[in-house]
Amino acid sequence: MAPSDAHMINDIMADISASPSPFHVVETVASALAAEGFVGVNDHEPWPTEHGGFYLRRNGAIVAWAHQGQPAEAGFRIIGAHTDSPNLRLKPQPGTSKVGLAQVGVEVYGGVLLNSWLDRELGLSGRVVVRDGDDQKGVLVHTDDPLFVIPQLAIHLDREISTTGLLLNKQQHMAPIGGFAGSDDAKGAPEQPLALIAELADVDPADVLSHELMLHDVRPPQIYGYRKNLLAAPRIDNQLSCFVAQRVLTATAETPDSVPMIALFDHEEVGSTSASGAGSPLLASVLERSVSARGGDHGAFRRAIANSLLVSADGAHATHPNYADRHEPDHQIALNAGPVLKYNANERYATTAETAAAFRRACDRAGVPVQEFVTRTDLACGSTIGPISAAELGMATVDVGCPQLAMHSARETCGTDDAAMFHAALVELFTNP
Ligand code: ZN
């Protein structure tokens, strides 16, 4: 592996630390692209027709691409991924208290492994919309200051835990503690979170109009193991794919034959139906406008779609040593053993024999091993943005991803080498179709 590849996981760890919310993933990716000369465009104005790299942000989603004067019907090579991860999100009026302790009310976002959020120091991030004269503006906020903990009930008070397991009620048992109610200031518990939000947004509390805030584990990502080749980190699903995708785009921006693109959507963990999710017209509209900016008509757009390939990149389940029986016995997935092709006969993944073959050939050319995942026939299969985007666009799609353990835990595990192998395979796929 080249020395720069060995650093990739360290750089991605820094990106994960900087990105506790989907809005921050977009900010991190946009800043990295801007540093490489990419230019932001928006929905309201005509797009530049000259060559170059461009990105469009929409809330927690970002689409970015580069073209060098390719013909309008040139195929796109697209990496789709998602910026969101399951977590706990503040209610609109988050302040609450019980038995003298100040707490915040939270909603559970996506398929959270609730137990993984207990007994951890939690920070706060997201966006706040504040008054701006007669107008309003959004402000990104992020603090790793340990503000909250959700303490687990003592085992002495939960005698059934060893027989029935830990049962957590989302409303009753997941409210984090942040201090004492009304003791050391006159404000009292209900006002404390709103005062904190105003402080983070650097405005007067009266100027906070609304917020989308979420909690995160404040512990930074950590490489571990005898040989330091495992990574424990939050949000590996699916920030690993997002930050690999951004690096593939910058590495392939000068590709002459096809148009490289990344589409990082929000709201995958809650079904992708939103204005910034994979079920929205976001990607289709960018593709159409990119073709027309290069002088193409609708026929050229349809030809470009037919010439394109979408790589839906999302975490894959590595075989868990403590639960090996939950995995398909003839399709074992290992960490640090290369990207994973994901198959499902019921179209929970969009991989076809043709798209799998194209990805496998790219891995061969890059000298990267490739693995194949299929779920046990007696277990329901997860899904991702692949089938949604494939159905929306009618585009050839392959579902792939890096292997990981503990998907949807507040702290997941992956190998330290898989991101660089995934990157190498995707660069090959983008540059030598
Ligand atoms: Zn995912």
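Worth pointing out:
- Per residue, the average separation of C-alpha pairs within less than 8 Å and at least 6 apart gives segment 87-217 a relative contact order of 40 percent.
- Within the chain, the longest segment free of exposed loop sites, counting trypsin sites (Lys or Arg not before Pro) that fall outside DSSP classes H, G, I, E and B and have at most 11 other Cβ atoms within 10 Å, spans 229-433.
- Debye, to nearest 20: dipole size of segment 87-217, +1 on Lys, Arg Cβ, -1 on Asp, Glu Cβ: 580 debye
- Of S125, S285, the sequence from fewest to most neighbouring Cβ atoms within 10 angstrom is S285, S125.
- Set of segment 81-119 residues, backbone N closer than 19 Å to the point 7 Å along the Cα-Cβ line of T164: 114-115
- Beta bridges assigned by DSSP with both partners in the chain are antiparallel in approximately 70 percent of cases.
- On the beta carbon distance between H298 and T49, with R0 = 25 Å, the FRET formula returns roughly 0.90.
- Segment 161-289: equivalent-ellipsoid semi-axes (sqrt of 5 x gyration tensor eigenvalues, Cα, Å): 38, 25, 18
- Principal axis dimensions, segment 220-371 - Cα atoms, whole angstrom, descending: 56, 34, 32
- Cβ-based exposure ranking for W47, W65, in which fewest neighbours within 10 Å come first: W47, W65
- FRET efficiency for the N336 to H156 pair, using the beta carbon distance and R₀ = 45 Å, is estimated at 0.65.
- Euclidean distance of C-alpha centroids, segment 29-100 and segment 351-372, integer Å: 27 Å
- Comparing A253, A293, A390 in a Gaussian network model of the chain (Cα springs below 10 Å), the most mobile by mean-square fluctuation is A293.
- Considering only alpha-carbon pairs that sit under 8 angstrom and 6 or more positions apart, the relative contact order computed for the chain is 22 percent.
- Placing +1 on the Cβ of every Lys and Arg and -1 on the Cβ of every Asp and Glu, with no other charges, gives segment 132-173 a dipole of roughly 380 debye about its Cα centre.
- Evaluated over segment 87-217, the count of Lys pairs having alpha-carbon atoms less than 21 Å apart is 5 (only pairs 8 or more residues apart or interchain).
- Relative to its residue count, segment 87-217 spans a Cα convex hull of 108 Å³ per residue.
- Selected from V41, V374, V29 as most flexible by GNM, with the chain as the system and alpha-carbon contacts under 10 Å: V41
- Counting Cα-Cα pairs of segment 2-106 in 5 Å increments starting at 0 gives whole-percent bin shares of 2, 9, 14, 17, 17, 12, 10, 7, 5, 4, 2, 1, 1, 0.
- Helix-only [θ]222 nm of the chain, DSSP H runs n ≥ 4, -39500 (n - 2.57) each, per residue, nearest 500: -8500 deg cm²/dmol
- Shape of segment 321-433, Cα gyration tensor, a/c cut at 1.5: oblate
- Each of Y323, A206, A306 was placed along the dipole of the chain (beta-carbon charges, centred on the mean Cα), and the one lying farthest toward the positive end is Y323.
- Extension gain from L140 to D207, taking 0.36 nm per residue of separation minus the Cα-Cα distance: 22.6 nm
- Segment 55-147: relative contact order in percent, alpha carbon pairs under 8 Å with at least 6 residues between: 17 percent
- For the chain, the alpha carbon convex hull comes to 155 Å³ per residue, rounded to a whole number.
- Springs join every pair of Cα atoms under 10 Å in this Gaussian network model of the chain, and among A263, A313, A304 the largest mean-square fluctuation is at A304.
- Residues Y343, Y226, Y109 in ascending order of nearby Cβ atoms (within 10 Å, fewest first): Y226, Y109, Y343.
Computed from the coordinates by the stated procedures, all read-outs in this text should not be read as laboratory data. All values reported here derive from a predicted model rather than from experimental measurement. Don't worry about glycine lacking a Cβ; one is built from the backbone with ideal geometry, like all the others, and counts go over all protein chains shown.
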